[in-house]
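Working notes, beginning with the structure itself.
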Amino acid sequence: MWGYTEEQITGFGLTFGVGAFMLYMLFIIGQLAWESKAGKFGTFVIFLGLAFGMTGFVAKMLIQWAIGIN
């Protein structure tokens, strides 16, 4: 498709597509915290739970980059 291999399209989707989806999830969680009037601590707990999943995704990318896996 337009000169790209399936592997290149998949890699793009996994990095930028999932990254964009994670930013969208941050927006949704922030909106839910705002509408529910969760307060500072409640909002912190909500974002902390979301951040654990994001940290794993980013750590995987960094580890792959550090050991040279494409």
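Some points to look at:
- So residue 8, is it in a helix (DSSP H, G or I), surrounded by 11 or more Cβ atoms within 10 Å (Cβ to Cβ) and without any contact (Cβ under 8 Å) to a residue 60 or more places away in the chain: yes
- Flag for residue 50 being aliphatic (A, V, I, L, M), at pLDDT below 85, part of a helix (DSSP H, G or I) and surrounded by 10 or more Cβ atoms within 10 Å (Cβ to Cβ): yes
- Matching option when the condition is part of a helix (DSSP H, G or I) and within 12 Å of the chain's Cα centre (by Cα), among 45, 18: 18
- Test result for residue 24, under 13 Å from the mean Cα position of the chain (by Cα), surrounded by 10 or more Cβ atoms within 10 Å (Cβ to Cβ) and not acidic (Asp, Glu): yes
- Residue within the stretch 36-43 that is on the phi > 0 side of the Ramachandran plot and surrounded by 10 or more Cβ atoms within 10 Å (Cβ to Cβ) present: yes
- Exactly one residue among 16, 52, 47, 21 is aromatic (Phe, Trp, Tyr) and in contact with a helix residue (DSSP H, G or I) (Cβ under 9 Å, 6 or more places away or on another chain), and that residue is 47.
The values are calculated or read from the model by the stated rules, or taken from the named source; none is laboratory data. As the structure is a computational prediction, the values presented were derived from the model and not from experiment. Cβ: placed from backbone, ideal geometry, glycine included. Neighbour counts: every protein chain shown.
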